[in-house]
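The values are calculated or read from the model by the stated rules, or taken from the named source; none is laboratory data. This structure is a prediction, so every number in the text was calculated from the model and none was measured. As a convention, Cβ positions derive from the backbone with ideal geometry for all residues, glycine included, and neighbour counts pool all protein chains shown.
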Amino acid sequence: MALSLRPYTNNIRNELNKALCIQIFPCQHVERHNKPEVEIRDNPELLLPPVTVTRSSSTQSATASGGDAGRECCLIEGSINSVRVSLRIGQMDLLEEELVAMYLSFLQQRAELLDVLRRVPLPGYDVSFLITDAHLLQYGRQRLLDFVVSFIEEMDSEISSMKLAVNSRGRAVATEFLRSLAF
């Protein structure tokens with residue numbers, strides 16, 4: 001794992017730990033329903049201010065509803081009964097963009113296997129998780145924190161290893177091609 005990733009994931013863990021103070025809260029419009037308020041957004045009193053955690057080479061910061069200075073960031077939106085975590089994965093070149101898109105489309109097709117993964121992320125973000133009070137009761141706070149942080153770490157390492165594999169394969173193909181041209 002890159003050294004610059006550790007402060008970023010620690011900031012996400014701290015902010016997400018603060019946001020996961022959620023409880024059972026029934027829907028105010030429909031009887032016997034429990035809808036995530038962070039998705040409905042009809043009562044501003046039940047919503048917390050969103051927090052953006054950015055990863056950049058110079059600083060890591062956590063700002064309340066602020067703009068993101070870096071390309072890679074995490075938006076944490078909390079409410080009384082749910083938390084939505086949206087991630088933008090850093091993509092430095094076209095190869096990384098394509099690898100991230102393929103990897104995330106693979107995951108989002110299997111969203112039913114990951115209870116907290118949303119099929120469609122927020123606009124401007126690559127992947128989103130929706131954590132409700134039921135998930136918190138089922139999995140526990142620490143396991144959810146570990147899941148989100150390990151997802152970020154594994155995503156970073158998988159994209160890096162896939163990029164290295166593609167580059168080395170491309171180098172090998174180019175070498176063989178140039179050898180075939182030599183007489």
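Couple of notes before you dig in:
- Residue identified as touching a Ser or Thr at 6+ places or on another chain (Cβ under 8 Å), surrounded by 15 or more Cβ atoms within 10 Å (Cβ to Cβ) and not small (Gly, Ala, Ser) among 145, 136, 122: 122
- Within the range 3-46, considering residues that are hydroxyl-bearing (Ser, Thr, Tyr) and under 16 Å from residue 76 (Cα atoms), the one surrounded by the most Cβ atoms within 10 Å (Cβ to Cβ): 8
- Residue 127 passes every criterion in (1) buried (at least 17 other Cβ atoms within 10 Å of the Cβ); (2) without any contact (Cβ under 8 Å) to a residue 40 or more places away in the chain; (3) within 26 Å of residue 166 (Cβ to Cβ) apart from (2).
- Exactly one residue out of 137, 145 is touching a helix residue (DSSP H, G or I) at 6+ places or on another chain (Cβ under 6 Å), in a helix (DSSP H, G or I) and under 17 Å from residue 22 (Cα atoms): that is 145.
- Residues of the range 47-74 that turn out to be farther than 21 Å from residue 159 by Cα and at pLDDT 90 or above, as a count: 6
- Within the range 70-86, the set of residues being assigned to a strand (DSSP E or B) and in contact with a helix residue (DSSP H, G or I) (Cβ under 7 Å, 6 or more places away or on another chain) comprises 74, 76, 77, 78, 79, 82, 83, 84, 85.
- In the range 108-117, the condition of being loosely packed, with under 13 Cβ neighbours inside 10 Å, farther than 18 Å from residue 47 by Cβ and hydrophobic (A, V, I, L, M, F, W, C) is met by at least one residue.
To keep it simple, each residue is scored yes or no on (1) modelled with pLDDT under 85; (2) acidic (Asp, Glu); (3) within 28 Å of residue 161 (Cβ to Cβ).
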position: 2; (1), (2), (3): yes, no, yes
position: 5; (1), (2), (3): no, no, yes
position: 9; (1), (2), (3): no, no, yes
position: 19; (1), (2), (3): no, no, no
position: 25; (1), (2), (3): no, no, no
position: 33; (1), (2), (3): yes, no, no
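- Only one of 180, 105, 161, 168 that is under 15 Å from the mean Cα position of the chain (by Cα) and on the phi < 0 side of the Ramachandran plot: 105
- The range 1-49, residues that are of a type in the set (D, E, K, R) and touching a helix residue (DSSP H, G or I) at 6+ places or on another chain (Cβ under 7 Å): 13, 37
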